[in-house]
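Here is the structure we will look at.
The values are calculated or read from the model by the stated rules, or taken from the named source; none is laboratory data. Here the structure is a predicted model, which means the values were calculated and not measured. A quick note on method: Cβ atoms are made from the backbone with ideal geometry, for glycine too, and the neighbour counts reach across all protein chains shown. Heads up: the accessible areas ignore ligands, DNA and RNA and are worked out on the full protein's heavy atoms, side chains in. Shrake-Rupley method; radii C 1.70, N 1.55, O 1.52, S 1.80 Å.
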2 protein chains.
Amino acid sequence: MSELLLKAKKANELTGLLGAASTAEKNRALKFISQALVTEMDYILQENNKDIEVGKANGLSDGLIDRLRLTEARITDMANALEQLTDLHDPVGETTFETERPNGLFLKKIRVPLGVIGMIYEARPNVTVDAASLCLKTGNAVLLRGSSSAINSNKALVTVIHKGLEKSSIPKEAVQLIEDTSRETAEKMFKLNEYLDVLIPRGGANLIQTVIEKATVPVIETGVGNCHVYIDETAEKSMGIDIVVNAKTQRPSVCNACETIIVHEKWANQHFTILVDALVSKGVELRGDDIAMQLDNRVNAATKEDWATEFLNLTLAVKIVNNVDEAINHINQYGSKHTEAVISETQSNVDKFFTFVDAAALYHNASTRFTDGFEFGFGAEIGISTQKLHARGPMGLDTLTSSKYIILGNGQIRS
Amino acid sequence: MSELLLKAKKANELTGLLGAASTAEKNRALKFISQALVTEMDYILQENNKDIEVGKANGLSDGLIDRLRLTEARITDMANALEQLTDLHDPVGETTFETERPNGLFLKKIRVPLGVIGMIYEARPNVTVDAASLCLKTGNAVLLRGSSSAINSNKALVTVIHKGLEKSSIPKEAVQLIEDTSRETAEKMFKLNEYLDVLIPRGGANLIQTVIEKATVPVIETGVGNCHVYIDETAEKSMGIDIVVNAKTQRPSVCNACETIIVHEKWANQHFTILVDALVSKGVELRGDDIAMQLDNRVNAATKEDWATEFLNLTLAVKIVNNVDEAINHINQYGSKHTEAVISETQSNVDKFFTFVDAAALYHNASTRFTDGFEFGFGAEIGISTQKLHARGPMGLDTLTSSKYIILGNGQIRS
């Protein structure tokens with residue numbers, strides 16, 4: 001039997017036991033892992049360094065090397081996050097609905113773990129610890145399939161996770177790394193419906209698209225964010241500028257950063273130059289439609305492709321519109337259903353925006369950058385869902401659960 | 001553009017408008033459709049008769065012909081169900097979570113329609129009206145893809161639904177039938193991620209498996225029920241017999257009927273003959289393991305395949321065990337995660353069964369036949385999910401919704 005099948009089968013066998021584990025047992029396991037990360041720091045850094053060396057030899061960009069790199073500070077952050085996770089509410093076992101039927105049947109719906117979660121992810125090795133800990137807290141088994149560029153780091157981290165688990169009552173096979181990083185093995189994992197309950201891909205658009213196209217196991221689509229800020233006619237000048245600058249430049253490389261702004265022509269006629277001043281001073285390159293280019297010659301021409309692009313850098317597309325309906329249509333045509341914001345003092349336009357824009361998170365008078373499990377108060381996040389089934393938006397611990405109906409009778413039969 | 005693409009695109013364009021429709025508007029539309037079903041009864045019966053004639057000429061079994069057949073009584077039932085649907089709570093717009101964050105952002109999570117639902121189903125034409133009405137009530141557009149054997153009935157029913165919708169404020173394209181019933185078109189529909197938010201297959205195991213294997217659109221897996229009743233050592237004699245007879249024989253052709261019974265050896269030693277008497281008198285054929293065959297010579301030998309089979313008829317498999325753990329292992333190995341029951345007076349065994357059996361609905365001292373949206377008090381049901389994502393068990397109106405986060409600010413930016 002292949003490594004994948006052996007590990008998937010083992011994970012599946014553990015689901016009953018993991019679902020029955022108490023919150024205290026799970027928290028103890030998380031604390032032991034947190035401690036192991038600190039005591040094994042040198043070993044982790046040494047193994048991570050192997051990946052960094054290989055990455056440099058292979059000519060990875062500085063940005064990618066930085067995403068791959070672990071440091072004392074980053075490992076300490078991971079260890080602290082594990083400690084914090086022990087304080088969060090454990091959703092497993094919670095009753096979410098109950099009713100007594102006229103025939104005397106007492107029915108309740110309780111939260112249970114999803115079962116076995118397959119994580120498919122790219123370079124950042126911190127996802128290994130994040131995903132493992134969130135799955136442990138919710139009584140799920142997890143199969144981790146990271147990329148070959150982080151294989152030494154991921155092996156080291158899972159070895160350390162196992163050292164922690166060995167001190168706890170949770171079997172160490174609750175967390176397993178698929179060490180074979182070949183594409184063939186990944187594709188087999190996509191179709192392991194017998195053993196896996198869900199796949200969660202985390203990474204670039206290509207990775208996510210591949211999983212959606214090839215998987216037969218249910219997938220939760222995450223992450224791609226082509227987010228817009230619409231500045232309406234009545235938006236307050238400084239609020240519009242501050243929010244756009246923040247949404248674009250505070251951290252351009254993340255999915256909730258803004259990629260296109262849509263500006264009402266009347267607002268633009270008064271304030272566009274000052275907005276462009278503020279953006280350009282932060283290093284933003286603007287690409288706009290004809291009207292935007294006429295309003296300010298620092299705006300370059302946008303292509304149709306620009307409207308659909310998640311730049312993840314300091315490029316920003318600009319469209320000028322005559323009303324909120326044009327803004328809504330543009331967003332629904334080009335957006336990725338992640339996060340959209342409207343800046344306006346006209347309530348009827350805000351209501352329209354909230355009703356007709358189809359996205360996971362909609363903001364009035366605030367930056368798109370708040371779409372995040374921590375900012376929403378969930379305490380943790382396994383990803384941001386951009387699909388409509390099961391979970392939409394930042395995914396907290398609840399989203400790693402399914403349900404069971406428990407029905408108590410005293411001999412009821414159906415007539 | 002093909003029929004499929006035209007209709008899918010049209011459905012997708014309507015999602016904003018349908019999501020914004022008021023409960024009163026949607027209920028008026030349902031009432032008009034209900035009336036149209038009654039006034040157009042002769043036309044529907046005449047078109048249904050064409051399918052019946054073709055079916056007979058093609059040698060369809062009496063069972064399949066019966067599933068295909070519409071009658072005055074059946075159409076009246078559909079019309080009444082539509083009336084009843086208007087009384088049910090409309091989940092759209094409901095707030096399911098709200099919080100104020102320390103930075104002053106006010107966040108709420110509201111229910112919204114899923115968007116466009118693709119229904120893929122086999123012969124029974126009543127699914128056409130069921131699915132259309134549940135989708136309408138929840139503000140979803142629906143693309144109906146029935147089987148060629150019911151095409152005349154389905155066309156007639158959708159024509160009548162459109163007559164009803166034309167009197168309402170809901171555009172008739174909210175409900176569209178894909179008239180091209182070729183397999184190629186179905187397979188294109190499975191991959192229409194651009195326009196469809198979810199596929200719900202309803203029918204036999206083969207249909208459902210095909211959709212799971214080929215679809216890239218998210219699927220809700222429904223329906224296959226290999227359900228068990230476990231009679232524990234301490235089960236009351238008459239309760240055990242009554243529940244098994246009811247679960248197996250009250251309506252053997254449905255997914256929540258029992259397919260295998262598992263009997264504790266000590267209970268069997270005392271009561272097995274009386275249980276077999278009761279089952280045989282109802283026409284049940286028993287297929288069991290060696291011990292069951294030794295206990296009663298009316299039991300034939302079971303093959304390994306029998307343990308995994310959803311018979312949907314009066315065949316019943318029988319396994320004798322020494323304890324609840326063996327019962328749980330057998331169920332988790334062969335069950336389809338639909339419905340499982342334990343008959344016992346030993347609370348610790350019931351608790352173990354509830355914790356370790358992995359299924360959508362678990363019963364103590366009641367028949368499996370209650371797993372059904374109406375019996376659970378949901379008032380309606382679009383199917384019974386046997387997967388863990390999004391919805392598990394009988395799917396009421398809530399399960400046809402997704403969510404949106406609405407966040408209200410006064411200029412918040414992220415630091």
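Under a 5 Å amide H to amide H cut-off, with H placed in plane at 1.01 Å, what residues pair with B:GLY118 once short-range neighbours are removed?
Long-range HN contacts for B:GLY118: B:LEU143, B:ASP197, B:VAL198, B:LEU199, B:ILE200.
Report the FRET efficiency, 1/(1 + (r/R0)^6), for B:THR346 and B:ALA73, where r is their Cβ-Cβ distance and R0 is 60 Å, rounded to 0.05.
That pair, B:THR346 with B:ALA73, gives E of 0.85.
Would you list, by chain and number, the aspartates and glutamates whose Cα falls below 15 Å from the Cα of A:LYS9, excluding same-chain residues fewer than 8 positions away?
Counting by Cα, and skipping residues close in sequence, A:LYS9 has these aspartates and glutamates nearby: A:GLU173, A:GLU194, A:ASP197.
Along the charge dipole of the range A:1-151, which of A:GLY146, A:ALA21, A:TYR121 sits closest to the positive end, that is, farthest toward it, with unit charges on the beta carbon of Lys, Arg, Asp and Glu (+1, +1, -1, -1)?
Checking the options against the dipole of the range A:1-151, the answer is A:ALA21.
Which of the three applies to the range B:227-370, rounded, prolate or oblate, going by the alpha-carbon gyration tensor with a ≥ b ≥ c and a/c under 1.5 meaning rounded?
rounded
About the Cα centre of the protein assembly as shown, how large is the charge dipole given +1 on each Lys and Arg Cβ and -1 on each Asp and Glu Cβ? Please answer in debye to the nearest 20.
180
Stretched out fully, how many nm does the piece from B:GLN270 to B:LYS9 gain, at 0.36 nm a residue minus the Cα gap?
Full-extension gain reported as 87.5 nm.
Too long at a 24 Å Cα-Cα cut-off: which of A:LYS50/A:LYS163; A:LYS214/B:LYS188; B:LYS172/B:LYS404; A:LYS137/A:LYS248?
B:LYS172/B:LYS404; A:LYS137/A:LYS248
P(r) of the range A:146-229 in 5 Å steps, Cα pairs, percent per bin?
Per 5 Å bin, starting at zero, the Cα-Cα P(r) for the range A:146-229 comes out as 3, 13, 18, 20, 19, 15, 8, 4, 1, 0 percent.
What do you get for Rg/Rh of the protein assembly as shown when both radii come from the Cα atoms and Rh is the Kirkwood radius?
On the Cα set of the protein assembly as shown, Rg over Rh gives 0.99.
Indicate, rounded to the nearest 5 percent, the antiparallel portion of the DSSP beta bridges found entirely in the protein assembly as shown.
So the antiparallel bridges amount to about 25 percent of the total.
Which aspartates and glutamates does A:LYS108 reach when only Cα atoms under 19 Å apart count, and residues fewer than 8 places away in its own chain are ignored?
A:ASP90, A:GLU94, A:GLU98, A:GLU100, A:ASP398, B:GLU340, B:ASP351, B:ASP358, B:ASP372, B:GLU375, B:GLU381, B:ASP398
What residue among A:THR355, A:CYS258, A:LEU295 has its Cα farthest toward the positive end of the dipole of the range A:227-370, where the charges are +1 on Lys, Arg and -1 on Asp, Glu, each on the Cβ?
A:CYS258
Compute the label-point distances linking A:ALA24 to its equivalents in the other copies; points lie 7 Å from Cα along Cα→Cβ; give nm, one decimal, shortest first.
Distances to the matching label points in the other copies: 5.7 nm.
Taking only C-alpha pairs under 8 Å that are 6+ residues apart, what is the relative contact order of the range B:227-370 in percent?
34
For label points placed 7 Å from Cα toward Cβ, what is the shortest-first list of nm distances from A:ALA73 to its copies?
Shortest to longest, the spacings are 7.7 nm.
Please give the contour-minus-distance gain from A:ASP62 to A:ASN322: 0.36 nm per residue of separation, less the Cα-Cα distance, rounded to one decimal in nm.
The span from A:ASP62 to A:ASN322 would gain 89.4 nm if fully extended.
Percent of accessible area on the range B:227-370 owned by carbon and sulfur, 1.4 Å probe?
Carbon-and-sulfur percentage of accessible area, whole number: 44.
Please calculate how many Å² of accessible area the protein assembly as shown carries per residue, with a 1.4 Å probe and no DNA, RNA or ligand atoms counted.
Dividing the accessible area of the protein assembly as shown by its residue count gives 39 Å².
Give the chain B residue with the shortest beta-carbon distance to the rotation axis relating chain B to chain A, plus that distance as a whole number of Å.
Output: B:HIS390, 2.
Along Cα→Cβ at 7 Å, what distances in nm separate the B:SER253 label point from those on the other copies, shortest first?
Spelled out, the distances from B:SER253's label point are 6.2 nm.
So what's the net charge close to B:GLY55: Lys and Arg +1, Asp and Glu -1, counting the other residues with Cβ under 14 Å from its Cβ?
That sum, taken over residues with Cβ under 14 Å, equals -1.
How much mean residue ellipticity at 222 nm does chain A get from its helices, if each DSSP H run of length 4 or more adds -39500 (n - 2.57) and you divide by all residues, to the nearest 500 deg cm²/dmol?
Dividing the helical sum by the residues of chain A leaves -13500 deg cm²/dmol.
Can you give me the solvent accessible area of B:THR23 with a 1.4 Å probe, rounded to the nearest 10 Å²?
60
Can you tell me which lysines have their Cα less than 16 Å from the Cα of B:LYS304? Leave out same-chain residues fewer than eight positions away.
B:LYS319
On a full-extension model of 0.36 nm per residue, what is the gain between B:GLN333 and B:HIS89, subtracting their alpha-carbon distance, rounded to one decimal in nm?
84.0 nm
About its Cα centre, what dipole magnitude does the range B:227-370 give when the only charges are +1 on Lys and Arg Cβ and -1 on Asp and Glu Cβ, stated in debye to the nearest 20?
Around 400 debye, computed over the range B:227-370.
If you project the alpha carbons of chain A onto their three principal axes, what span does each projection cover, largest first, in Å?
69, 69, 37
What is the local net charge at B:LEU107, summed over the other residues whose Cβ is closer than 12 Å to its Cβ (Lys, Arg +1; Asp, Glu -1)?
0
On a 0 to 90° scale, report how tilted helix A:3-20 is relative to the longest principal axis of chain A, with both axes built from alpha carbons and the result rounded to the nearest 10.
Helix A:3-20 and the main axis of chain A meet at about 80 degrees.
Please list 3J(HN,Hα) in residue order for the range A:403-415, calculated via the Karplus relation 6.51 cos²θ - 1.76 cosθ + 1.60 where θ = phi - 60°; whole Hz, with x for glycine and proline.
Whole-Hz 3J(HN,Hα) from phi for the range A:403-415: 9, 9, 8, 10, 10, 9, x, 9, x, 4, 10, 8, 9.
Can you give the accessible area buried between chains A and B, summed over both chains, with a 1.4 Å probe, in Å² to the nearest 100?
Looking at A and B, the buried total is near 5500 Å².
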